[in-house]
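For reference, the structure is listed below as structure tokens.
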Amino acid sequence: MVIDTLAQSLEKRKLWRRAATRYLELIPNTANTEDDINWLIYRREYCTEKAKQMRPVTVHTDTDTRYTLDLPGINVTFARRG
């Protein structure tokens, strides 16, 4: 198992795509064993799946469409008229 504090920090802050990218960057390290590489691939896939689950919520009404993005530390709602 590879311990990378940057990747763990990104996961803790729910920055899944960045964490997945970080794990990808760690794979080519020549010091990694086959088990380490398999673990890195597993964590990358895990982070990618978590990123797919974080989709914006869309609410449609008669006059406008509201989009709510609920990200760590940020909750933004904006509307598009039309």
## Note on the structure
Taking the stretch 10-31 and keeping only residues that are among the polar types (S, T, N, Q) and either in contact with a Gly (Cβ under 7 Å, 6 or more places away or on another chain) or modelled with pLDDT under 95 (or both), one is left with Asn29, Thr30
### Residues located in the stretch 1-21, provided they are in a loop (DSSP other than H, G, I, E, B) and either touching a residue at least 40 places away in the same chain (Cβ under 8 Å) or surrounded by 15 or more Cβ atoms within 10 Å (Cβ to Cβ) (or both)
Val2, Asp4, Arg13, Lys14, Leu15
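The values are calculated or read from the model by the stated rules, or taken from the named source; none is laboratory data. All of these numbers come straight from a predicted model, not from anything done at the bench. Note that we place each Cβ from the backbone using ideal geometry, even for glycine, and neighbour counts take in every protein chain shown.
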